[in-house]
Amino acid sequence: MNERKSSGNRSQAEAIDARRAFLLFATLLLFWILLNGSLAFGTLTAGAVAAGAITFLFKDSLSVFSGYRIMPASLVASVRFVAFFFRELVRANLQLARLVLTPSLPIRPAIVRVHTGLKSPVGRLLLANAITLTPGTLSVEIKGEWLYVHWVSAEAGAEVATARIAAGFERYLEVMYG
């Protein structure tokens, strides 16, 4: 009886691993197609080979879906995360342009500690990347529950930095990854 349970758990784990590998392959192939802008046979073949090799070599460690909660709420949060990111991207570009165009150049560069409550490594990675892609901020390091961020116009310490830089992104990433 225990062998049947063990065998059932193993086959269920293998099915989950196969699904993750397929999602990684499909995501990589989709990005390949988007970057190349072509559906030509040669382009698709090269993309499939590259995506297959990457999936085979890194299937256990390279998936944006690792820890992703597949539920309606997380799908909605994903769309909202992207929308929020683009809004912040535009806002940060305008703020940085204003700083650069001001003759006195009122910048206060500093590396600030930003607290994150995200437990998922992928969630933290997405947070750090979203911060880095937003003009005026650059994620320097992730140490446990802290991100160290270079901020062009630092206003204050960790509490203000967390509220101004990370809280908006975290709101969605928490639903997506926990």
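The values are calculated or read from the model by the stated rules, or taken from the named source; none is laboratory data. Because the structure is a prediction, the values reported are computed rather than measured. Please note: Cβ atoms are built from the backbone with ideal geometry, for glycine as well, and neighbour counts cover all protein chains shown.
Key figures
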| item | result |
| --- | --- |
| So ARG108, is it charged (D, E, K, R), crowded, with 16+ Cβ neighbours inside 10 Å and free of Cβ contacts under 8 Å to residues at least 60 places away in the same chain | no |
| Yes/no for ALA50 being modelled with pLDDT of 90 or more, surrounded by 13 or more Cβ atoms within 10 Å (Cβ to Cβ), more than 28 Å from TRP146 (Cα to Cα) and not assigned by TED's automatic domain parsing to the domain that holds VAL140 | yes |
| Top-ranked residue in segment 129-178 [being of a type in the set (Ser, Thr, Tyr) and free of Cβ contacts under 8 Å to residues at least 60 places away in the same chain; ranked as nearest to ASN93 (Cα to Cα)] | THR134 |
| Answer residue from segment 19-59, given it is among the hydroxyl-bearing types (Ser, Thr, Tyr) and in a helix (DSSP H, G or I) and is nearest to ILE70 (Cα to Cα) among those | THR27 |
| Unmet criterion (only one of (1) hydrophobic (A, V, I, L, M, F, W, C); (2) out of contact with any Gly (no Cβ under 8 Å at 6 or more places or on another chain); (3) without any contact (Cβ under 8 Å) to a residue 40 or more places away in the chain) for ALA73 | (3) |
